[in-house]
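Each remark here refers to the structure printed beneath this line.
The values are calculated or read from the model by the stated rules, or taken from the named source; none is laboratory data. Keep in mind that this is a model prediction, so the values were computed, not measured. Positions of Cβ are generated from backbone atoms using ideal geometry, with glycine treated the same way; all protein chains shown enter the neighbour counts.
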């Protein structure tokens, strides 16, 4: 498994995301992690917060897979990394662990 692959977790606070992105990491969030939060609103607020912290981020909503990818625009993951992570999320989802 890739050392930079994101962990499956609940959506953290904005400062936690900013710190991880600044360190060159990226995150993948299954839709289930948002709970009752409005996903689009949270993502918009996250991008604004990251801009204030000087982190240029991209939020990629992969609707067909029900996953949101958050990346530092200066440290993009490879397509294979993203595919592997999305596959892992789908596997965990299929086991009912989300």
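What to note about this one:
- Subset of region 29-73 (residues that are out of contact with any strand residue (DSSP E or B) (no Cβ under 7 Å at 6 or more places or on another chain) and in contact (Cβ under 8 Å) with a residue 40 or more places away in the chain): 32, 33
- In region 32-45 there is no residue that is under 22 Å from residue 16 (Cα atoms), modelled with pLDDT of 90 or more and within 11 Å of the chain's Cα centre (by Cα).
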